[in-house]
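A.B. asks: Below is one structure. I have some questions about it.
Read-outs: derived from the displayed coordinates by stated rules, not from any lab. Predicted model only: the values in this text are computed from it and were never measured. Because the Cβ atoms are built from the backbone with ideal geometry, glycine has one as well, and the counts that use them run over all protein chains shown.
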Amino acid sequence: MQRYLLITGAHDRDEVLAVLAARSMATIFQNDLIVVGSDTDMPCHLLPNGAGVVLGQLFDRDYRAANLDRCHGQETGPGPSELAKDYWGSYVAILQRGAIIARDPSGALPAYYRQEKGHLFVSNDVDLLADSFAVCWDMLLDNIASEGFHDEKTCLADIYELRPGMYLHCTDPRPIEHPFWSPWDHCHLQPAISKARVAEELETTICKTVASLVSSYRKPLCLASGGLDSSIVLAALAAANVETACLTISTADPSGDERRYAAIVADHFGFALLEAQYETDHVSVAGCAAPYLPHPKRRPLFQSMSHLAAKAAEEVGADMFINGNGGDQIFSFTMSATPILDCLKAKRSLLEILATFENVSLLTGCSLGEAIMGLWRRARKPTSYAWPMSNLFLKSGRASAAPKHPWLNCPPHALPGKAHHIAMILRMQEHIENPFQTNVPPMITPLMAQPILEACLAIQSWHWIQGGQNRAVAREAFRHRLPEDILARRGKPGPASFSALLLQTYLPQMKERLLDGHLAREGIIDRPAVETAMANILAQDVNQCRRLLQLADAEAWCTHWHGRATSVVAEKRR
């Protein structure tokens, strides 16, 4: 992992430089406000006149590597909004001579921070922020109940996350997030243009974005399922003539075996395909997926995926992973009547409204009467998206706070479908984080990149279901590049059977750890309900089994960080 560390506030300069040197970091920017250090392989872009530095990948709007020598303007350099208007990438920017720290709208480069005695410490590696850590139990409860919503506060006490599209004023007595980029700014109704042109513009944006993101790497390894989204990414890699290998991971149960479709895509583009299978031996009940994160990933199967991906990357000599994650969210997957309501609220033509009714019926299999009832039910609800909370197996009486985020606040005249679209993009923030170990190649999730985000936000909900197909614009955009068998896929299986196998295989160990562990002691879980469920595991439905696995991973995550805190304290006492 390429790491960085920022330290702000009045400080002993020699002491700070020594801290960076002890972590084998080079000092790349410093002034009276801030010192910035990073690993030597971390890309960085210095702003003219000592105005700041941008850490990570940065490209201009012509998809070329950014040249900030042209970034002129006021003496202190651009603010975060100006930077996001003219550039994009996976970056954390130190702007206005160190007064502002901003994280790019895609959130591809993490930014966690801690404040202590007038100093602000910011890094993509939580380990660099403190010597010891403690779990924040209230935030952990909210994280589990909200299925991974990213609050400004993390699940570690006094550790915060600077969320995508936000910036901090380093000189504030208490750091407060301020938005500089909003998805709502890209949702305005566009003048009527042809279906073909919309698809063509989306294809161009995706292909150029993917080509830029992989330009500094030698050989990507794509996690390919044979689904539409990862196939679109492979099409973009092929269009850029990038030598690529593919990895598909199947389950022993046929329900999670997508090798046939992955082979169709790989053969179509002439890419090598590696096949692997999830194994329970790769998963440790005592361990957790991505333990270095300040919140649990809640999916034990990532341990097996990480093991298999690392092995495949070594075999083919890949220096990066790339995936199609986020397609459902970015391409506005829906199975509701909301596009009809959007079409009505936008005052589209009668012909377009009737066509949307037909498309919803084709998409969902409902009758015209059922579509009208669905429309009526949705019209009675608020425009804004109500983030679902699940207290399944969580102790009653401990209130879970409803998630808050500026992107969830709808402006006047907002369309309900776009509110849902933005909420789904916000949900993707959890999944953009690399779930693999830190000693493997980096992971890129290109469909969440800013140019693609902005292009997709401009497409209205009724366009995404044209012809009664989900993600219709994306299908049309890559129709001439993908095999028909892939374009025709409406859904795909997942590794649910492997998750069920994990629960069956490790049930005794998981039961012991959950009933006698941190979550039970801290009153997070409903211990009697968990005990009853695990004693009758075959009677549990998919959601109940999934939650039990989430709790098992969260328990292991707590053990990891609690053990870190305890061992550090003990070491200091010696």
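A.B. asks: Compute the label zone of ALA535 within segment 501-524: residues whose backbone N is under 17 Å from the point 7 Å along Cα-to-Cβ.
C.D. replies: Those under the cut-off are 507-516.
A.B. asks: Extension gain LYS345-VAL542, at 0.36 nm per residue separation less the Cα-Cα distance, in nm?
C.D. replies: So the chain would gain 67.2 nm between LYS345 and VAL542.
A.B. asks: Quick one: which of 441-448, 430-437, 188-195, 28-35 comes out on top by average Cβ neighbours within 10 Å, and what's the full order, highest first?
C.D. replies: 441-448, 430-437, 28-35, 188-195
A.B. asks: Starting from the Cα gyration tensor of segment 441-527, multiply each eigenvalue by 5, take the square root, and state the resulting semi-axes largest first in whole Å.
C.D. replies: After scaling each eigenvalue by five and taking roots: 42, 19, 14 Å.
A.B. asks: Mind checking the log10 I(q)/I(0) for segment 1-73 at q = 0.11, 0.12, 0.19, 0.20 Å⁻¹? Debye, one equal scatterer per Cα, no solvent, two decimals.
C.D. replies: -0.31, -0.37, -0.81, -0.87
A.B. asks: Here's something else I'd like to know. If you restrict to DSSP beta bridges whose two residues both lie in the chain, what percentage is antiparallel, to the nearest 5?
C.D. replies: If I count the DSSP bridges inside the chain, around 75 percent turn out antiparallel.
A.B. asks: Give the peptides 491-498, 303-310, 373-380 in descending order of average Cβ contacts within 10 Å, highest first.
C.D. replies: By packing density, highest mean first, the sequence is 303-310, 491-498, 373-380.
A.B. asks: Compute the length gained on full extension between CYS366 and TRP387: take 0.36 nm times their separation in residues and subtract their Cα-Cα distance, giving the result in nm to one decimal.
C.D. replies: In short, 5.0 nm is gained.
A.B. asks: Right, another one. Please compute the Kirkwood hydrodynamic radius over segment 137-290, one decimal place, Å, based on all pairs of different Cα atoms.
C.D. replies: Averaging 1/r across every pair of different Cα atoms and inverting gives 20.0 Å.
A.B. asks: How about LYS395: which aspartates and glutamates have a C-alpha closer than 20 Å to its C-alpha, ignoring those fewer than 8 places off in the same chain?
C.D. replies: Those aspartates and glutamates meeting the cut-off are ASP138, ASP142, GLU147, GLU512, ASP516, GLU522, ASP526, GLU531, ASP541, ASP553, GLU555.
A.B. asks: Starting from the 7 Å offset along Cα-to-Cβ, what nm value, one decimal, do you get for the label separation of ALA65 and ASP281?
C.D. replies: For ALA65 paired with ASP281, the spin-label model returns 4.3 nm.
A.B. asks: LYS195 to ARG218: FRET efficiency via 1/(1 + (r/R0)^6), r the Cβ-Cβ distance, R0 51 Å, to the nearest 0.05?
C.D. replies: Once the sixth-power term is evaluated, E becomes 0.85.
A.B. asks: Rounded to the nearest 0.05, what FRET efficiency do ALA21 and SER132 have when you use their Cβ-Cβ distance and R0 = 30 Å?
C.D. replies: The value I calculate is 0.85.
A.B. asks: Something else now. Only counting other Cβ atoms within 10 Å, I'd like TYR261, TYR506 sorted with the fewest neighbours first.
C.D. replies: In order of increasing Cβ crowding within 10 Å: TYR506, TYR261.
A.B. asks: Enumerate the whole-percent occupancy of each 5 Å bin, from 0 to the last occupied one, for all C-alpha pair distances of segment 295-447.
C.D. replies: The distribution over segment 295-447 is 1, 7, 13, 14, 14, 13, 12, 10, 8, 5, 2, 0, given as percents.
A.B. asks: Moving on. Which of the lysines could a cross-linker span from LYS381 if the Cα-Cα distance has to be under 24 Å and same-chain partners fewer than 8 positions apart are dropped?
C.D. replies: By straight Cα distance, LYS381 reaches LYS345, LYS347, LYS404, LYS418.
A.B. asks: Using 1/(1 + (r/R0)^6) with R0 = 41 angstrom and r between the beta carbons of ASP485 and ASP39, what's the FRET efficiency to the nearest 0.05?
C.D. replies: Efficiency at R0 = 41 Å is approximately 0.40.
A.B. asks: Here's a follow-up. Write down the Kirkwood hydrodynamic radius of segment 506-573, to one decimal in angstroms, obtained as one divided by the mean of 1/r over all alpha carbon pairs.
C.D. replies: Kirkwood radius, segment 506-573: 12.9 Å.
A.B. asks: Related question: Note down the relative contact order for the chain as a percent, whole number, built from C-alpha pairs under 8 angstrom at least six residues apart.
C.D. replies: About 17 percent, as a whole number.
A.B. asks: Reachable lysines from LYS311, Cα under 27 Å, same-chain residues fewer than 8 places away excluded?
C.D. replies: Hits, sequence-local ones excluded: LYS219, LYS297, LYS492.
A.B. asks: Still on this structure, I have one more. Can you report the principal axis dimensions of the chain using only the alpha carbons, biggest first, rounded to whole angstrom?
C.D. replies: 72, 65, 51
A.B. asks: Next up: I need the shape label for segment 4-181. Rule: rounded when a/c is under 1.5, else prolate if a/b > b/c, else oblate, with a, b, c from the alpha carbon gyration tensor.
C.D. replies: It comes out oblate by the Cα gyration axes.
A.B. asks: Decide, for segment 97-162, between rounded, prolate and oblate: order the square roots of the alpha carbon gyration tensor eigenvalues as a ≥ b ≥ c, take rounded if a/c falls under 1.5, and otherwise choose prolate if a/b is larger than b/c, else oblate.
C.D. replies: oblate
A.B. asks: Could I ask something else about it? Report the full-extension gain for the segment ILE353 to ASN409: residue separation times 0.36 nm, less the Cα-Cα distance, to one decimal in nm.
C.D. replies: Value of the extension gain: 17.5 nm.
A.B. asks: Using the basic label-point model (7 angstrom from Cα toward the beta carbon), what is the LYS492 to ASP172 distance in nanometres?
C.D. replies: So the two model labels end up 4.0 nm from each other.
A.B. asks: Apply the membrane-span-like helix rule to the chain: whole DSSP H runs, Cα extent along the own long axis of at least 20 Å, mean Kyte-Doolittle hydropathy at least -1.0. List the helices found.
C.D. replies: Helices meeting the span and hydropathy rule in the chain are 195-214, 301-316, 350-364, 542-573.
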